[in-house]
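S.K.: Structure below; questions to follow.
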Amino acid sequence: MSRRSLWPRGFTGQVILVLVLAVLVQFVAGSMLIRTGETHIQRADQGKRIAEQLLIAERIIRTADRPDRERLLESLSTIHTRLSLIEGTPAIPPGIDPEAALIATAIFEFEPSLAGHPIRLSLAPGSALTPNRRLAGAIRIEENLWIGFATRETVVNWRLLLETSIRVGLIALFVLGSAALLVRTMSMPLRRLSDNAQLIGTADRIPFDETAGPQEMREVSRALNAMQERLEGVIDQRTQALLAVGHDLRTPLSRLRLRVDAIEDSADRHAALADIGQMTRMLQELLDFFETGENRETRAPTDLSSLCQTIAEAASDLGGEVTYDGPDRLVIEGVHDHLARAIENLVDNAVKYGGAAVLTLSAHGGERGDCFSVKVEDRGPGVPPEQLDRVMRPFERLDASRSDNHPGMGLGLSIAHNVALAHGGRLRLANREGGGLCAELLLAKK
Amino acid sequence: MQISERTHHIALVEDDGPLRTLLTRHLRQSGFPVRGYATAAEFRASAERFDLIVLDVMLPATSGLDLCRWLRQRSNVPVIFISARSSHTDRIVGLELGADDYLVKPVDPGELVARIRSVLRRSEDVGGTDGGDYASTVRFDGWQMDRRRRELFAPEGSRVSISEAEFDLLDVFLEMPQRVIGRDTLLEHSRNRLPGRDSGDRSVDVLVSRLRRKLGSIDGGRDLIRTVRGVGYVFTANVEA
């Protein structure tokens, strides 16, 4: 696939490549034009000089004595044009090639008095590499008397052409550079746009600026905003439907609870009450999941230490061995109930699978301490490494936990993850050395 | 401080018929005469006076919240919400309207009766249903406790978590500051007992030590609860309503 390798993938690369090609074409065409113009000017210039010299030579020859003529002509020679006296017929053939004819025209245009004289011109053959051609010619003064002339300089001034080319090249380079700069400034908002678009669906709505950048970019921003709004509408609708079902189920569940309560004491009554308890918890879990996902509660200063202590103590009272290790006070800007739910879920899991847990609270992020860590470690079976990511997803459970011993909807870790995200952090799961799981909530202080 | 011996009349506003019947039956069995109403309008039309009102939040037409607002403009009769909504915001909205408690469905029948008794006792302590205003916010030594929301705030404003049982214990201390309170009294008033532990003095001691630790994380807080050897505890700070 050579086409793919030549054609750059990036926006910047593509635009630059097109620009380079355009500038190159312009450069070549420009050079050719300049060269043609240059040649024309030089030809006129050369013709003019030859004409002047020939006119003077002609007048001198006519007035001078015959023996002096040759000497006088020699002295009229310049470094550019050498003059000589030719008696008889010149060695130059009478035919004139088109290029030389143009020079002859230039000579006669400048000195019309020479127009009556026959002229012979020839250009020395040039090669492909050096197309400069020396001019040689002769003009007849009278019968059997010609003034021969030969230019020493080349027809085309290559130095001038080179200088001009360099100048044009520099301009092209400058144009290219500023174009690259422009493309970069154009591609920057594009890159920002794509970076932001990557975030759609991960957190709150990502606002795209509809008033900045070129027109097309604004339209893309508008489209993305509209898309997000539609998506949110769809998700919101679903969530509201599920929440409504969740809420509505609570009334019949209340009735059931009261009816079962009226049954006389039996094993069935206990089992029924346990079932109702499980359904209640599952509903709560579902509602918690949506609520923590929506992240609409206002954040307020909350003491994480007392929160962790209270959760550890409550779990211990229920028979789990949960110890708290951390400072007596650590204040975070957060949603108290959501943080409590997240930590409770982690502790519940640890007690469920490991029987005991250590709850460690600490401040991270160097001296500023702008990140807090709530770590829950157990000595349970842990999670197979390839499933560590999976268990954080909603409704995902390890096969081993789908038994009656572990009722629930598999939302515990998802809720904790939601809460961590809403608090500018994340949930990190890792297997511990020597067995067991370490679940760590990372939370931003503000 | 038992509830007085007189009977307390309760109104139940709940639109779900079967649930209303079941709850009415349960409350009657627990010794409360109950009148049930299906809508807010029906309740407002009745001229009866009640000692406590159990209100469903989601009612057709006029919501339970609106009815609560209406009630508060007229009397201080205690109100307990029962609601299908469990979010913090819903709870706070209910309590801010002046409700005395907020329970989430499905309501544990025993829990409902316990809450009703607790609210009735509290309202009688401050002099009957139409008497003085029950202070929902109490201050001590810079701390602030919101009784309705059941939230505690440290002097610099951050929310400090305490368990329900610790909250009840602190509430008792705040009602009787600078008085020696015996372990029995504390135990009696704690609505939530410590599960899984030997009840009695030891559980009170555990609760007090936990509460001390949480209050004690602030300078000077450690001395707020002083032990009186062999008797009980004294809450040392001044309490302002």
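S.K.: Right, A:Leu102: surrounded by 14 or more Cβ atoms within 10 Å (Cβ to Cβ), over 30 Å from A:Val168 (Cα atoms) and of a type outside the set (Lys, Arg) or not? Spell out the reasoning first.
M.R.: Values: surrounded by 14 or more Cβ atoms within 10 Å (Cβ to Cβ): yes; over 30 Å from A:Val168 (Cα atoms): no; of a type outside the set (Lys, Arg): yes.
Against the criterion (surrounded by 14 or more Cβ atoms within 10 Å (Cβ to Cβ), over 30 Å from A:Val168 (Cα atoms) and of a type outside the set (Lys, Arg)), A:Leu102 does not qualify.
S.K.: Another question, then. Please verify whether A:Asp261 is more than 28 Å from the chain's Cα centre (by Cα) and not in a loop (DSSP other than H, G, I, E, B), treating the condition exactly as stated. Explain how you work it out, then say what you get.
M.R.: Details: more than 28 Å from the chain's Cα centre (by Cα): yes; not in a loop (DSSP other than H, G, I, E, B): yes.
So A:Asp261 fits the description; yes.
S.K.: I would also like to ask the following. Which ones in segment A:107-164 are among the aliphatic types (A, V, I, L, M), in a helix (DSSP H, G or I), modelled with pLDDT of 80 or more and surrounded by 11 or more Cβ atoms within 10 Å (Cβ to Cβ)?
M.R.: Of all residues in segment A:107-164, those among the aliphatic types (A, V, I, L, M) come to A:107, A:114-115, A:119, A:121, A:123-124, A:128-129, A:135-136, A:138-139, A:141, A:145, A:147, A:150, A:155-156, A:160-162.
Applying the additional criterion that residues be in a helix (DSSP H, G or I) yields A:107, A:114, A:160-162.
Pick out the ones that are also modelled with pLDDT of 80 or more and you get A:107, A:114, A:162.
Of everything in segment A:107-164, those that are among the aliphatic types (A, V, I, L, M), in a helix (DSSP H, G or I), modelled with pLDDT of 80 or more and surrounded by 11 or more Cβ atoms within 10 Å (Cβ to Cβ) turn out to be A:Ile107, A:Leu114.
S.K.: What number of residues within segment A:41-76 satisfy the criterion of being closer than 14 Å to A:Leu135 by Cα and acidic (Asp, Glu)?
M.R.: 1
S.K.: Right, next: Show me the strands (runs of 3 or more DSSP E) found entirely inside segment A:304-375 where at least 3 residues are of a type outside the set (Ser, Thr, Tyr), within 14 Å of chain B (Cβ to nearest Cβ) and closer than 15 Å to B:Val160 by Cβ.
M.R.: On the way: elements: A:321-325, A:331-334, A:356-364.
Once the strands (runs of 3 or more DSSP E) in segment A:304-375 are filtered for at least 3 residues that are of a type outside the set (Ser, Thr, Tyr), within 14 Å of chain B (Cβ to nearest Cβ) and closer than 15 Å to B:Val160 by Cβ, what remains is A:331-334.
S.K.: When you scan segment B:84-99, do you find a residue that is acidic (Asp, Glu) and modelled with pLDDT of 90 or more, even just one?
M.R.: Restricting attention to segment B:84-99, the residues satisfying the condition of being acidic (Asp, Glu) are B:90, B:96.
With the extra rule that they be modelled with pLDDT of 90 or more, the set shrinks to none.
For segment B:84-99, residues acidic (Asp, Glu) and modelled with pLDDT of 90 or more: absent.
S.K.: Among the residues of segment A:315-328, which ones are out of contact with any Gly (no Cβ under 8 Å at 6 or more places or on another chain) and touching a residue at least 12 places away in the same chain (Cβ under 8 Å)? First the steps, then the outcome.
M.R.: As a first pass, look at segment A:315-328 and keep what is out of contact with any Gly (no Cβ under 8 Å at 6 or more places or on another chain): A:315-316, A:322-327.
The answer is A:Ala315, A:Val322, A:Thr323, A:Tyr324, A:Asp325, A:Gly326, A:Pro327.
S.K.: Consider A:Arg250 carefully, then state whether it is within 11 Å of another protein chain (Cβ to nearest Cβ) and either touching a residue at least 40 places away in the same chain (Cβ under 8 Å) or surrounded by 20 or more Cβ atoms within 10 Å (Cβ to Cβ) (or both). Before the answer, list the steps.
M.R.: Working: within 11 Å of another protein chain (Cβ to nearest Cβ): yes; either touching a residue at least 40 places away in the same chain (Cβ under 8 Å) or surrounded by 20 or more Cβ atoms within 10 Å (Cβ to Cβ) (or both): yes.
When the stated conditions are applied, A:Arg250 passes them.
S.K.: Can you tell me how many residues within segment A:93-106 are closer than 17 Å to A:Thr151 by Cα, assigned to a helix (DSSP H, G or I) and under 60 Å from the mean Cα position of the chain (by Cα)? Please lay out each step first, then the result.
M.R.: First, the residues of segment A:93-106 that are closer than 17 Å to A:Thr151 by Cα: A:96-97, A:99-106.
After this cut, where a residue has to be assigned to a helix (DSSP H, G or I) as well, the list is A:99-106.
The next check asks that each one be under 60 Å from the mean Cα position of the chain (by Cα); those that pass are A:99-103, A:106.
Qualifying residue count for the region: 6.
S.K.: Does any residue of segment A:266-276 turn out to be within 12 Å of chain B (Cβ to nearest Cβ) and under 51 Å from the mean Cα position of the chain (by Cα)?
M.R.: No, that holds for no residue.
S.K.: Can you pull out every residue in segment B:31-66 that is in contact with a strand residue (DSSP E or B) (Cβ under 6 Å, 6 or more places away or on another chain) and hydrophobic (A, V, I, L, M, F, W, C)?
M.R.: Taking segment B:31-66 first, the residues in contact with a strand residue (DSSP E or B) (Cβ under 6 Å, 6 or more places away or on another chain) are B:32, B:34-37, B:43, B:50, B:52-57, B:64.
Hits for segment B:31-66 are B:Phe32, B:Val34, B:Phe43, B:Phe50, B:Leu52, B:Ile53, B:Val54, B:Leu55, B:Val57.
Let's see how each residue does on (1) outside the structural domain of B:Ile92 (by TED's automatic domain parsing); (2) modelled with pLDDT of 80 or more:
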{"residue": "B:Ala114", "(1), (2)": "no, yes"}
{"residue": "B:Met145", "(1), (2)": "yes, yes"}
{"residue": "B:Arg148", "(1), (2)": "yes, yes"}
{"residue": "B:Ser163", "(1), (2)": "yes, yes"}
{"residue": "B:Phe167", "(1), (2)": "yes, yes"}
{"residue": "B:Arg179", "(1), (2)": "yes, yes"}
{"residue": "B:Asp184", "(1), (2)": "yes, yes"}
{"residue": "B:Leu187", "(1), (2)": "yes, no"}
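S.K.: Applying the selection to segment B:82-113, what residues are of a type in the set (Gly, Ala, Ser) and more than 14 Å from chain A (Cβ to nearest Cβ)?
M.R.: First, the residues of segment B:82-113 that are of a type in the set (Gly, Ala, Ser): B:83-84, B:86-87, B:94, B:98-99, B:110.
Within segment B:82-113, B:Gly94, B:Gly98, B:Ala99 meet the criteria.
S.K.: Scan segment A:283-303 for residues that are more than 7 Å from chain B (Cβ to nearest Cβ), over 25 Å from A:Val358 (Cα atoms) and either in a strand (DSSP E or B) or among the acidic types (Asp, Glu) (or both) and report the count.
M.R.: Here the count works out to 1.
S.K.: Of all residues in segment A:277-315, count the ones that are surrounded by fewer than 18 Cβ atoms within 10 Å (Cβ to Cβ) and of a type in the set (A, V, I, L, M, F, W, C).
M.R.: 3
S.K.: Within segment A:213-230, is even one residue away from chain B (no Cβ under 14 Å), surrounded by 14 or more Cβ atoms within 10 Å (Cβ to Cβ) and in a loop (DSSP other than H, G, I, E, B)?
M.R.: yes
S.K.: Does B:Ala40 satisfy the condition of being of a type in the set (A, V, I, L, M) and free of Cβ contacts under 8 Å to residues at least 12 places away in the same chain?
M.R.: Details: of a type in the set (A, V, I, L, M): yes; free of Cβ contacts under 8 Å to residues at least 12 places away in the same chain: no.
Against the criterion (of a type in the set (A, V, I, L, M) and free of Cβ contacts under 8 Å to residues at least 12 places away in the same chain), B:Ala40 does not qualify.
The values are calculated or read from the model by the stated rules, or taken from the named source; none is laboratory data. Remember, it's a predicted structure, so these values are computed and weren't measured experimentally. Neighbour counts are summed over all protein chains in view; Cβ atoms, including those assigned to glycine, are modelled from backbone coordinates with ideal geometry.
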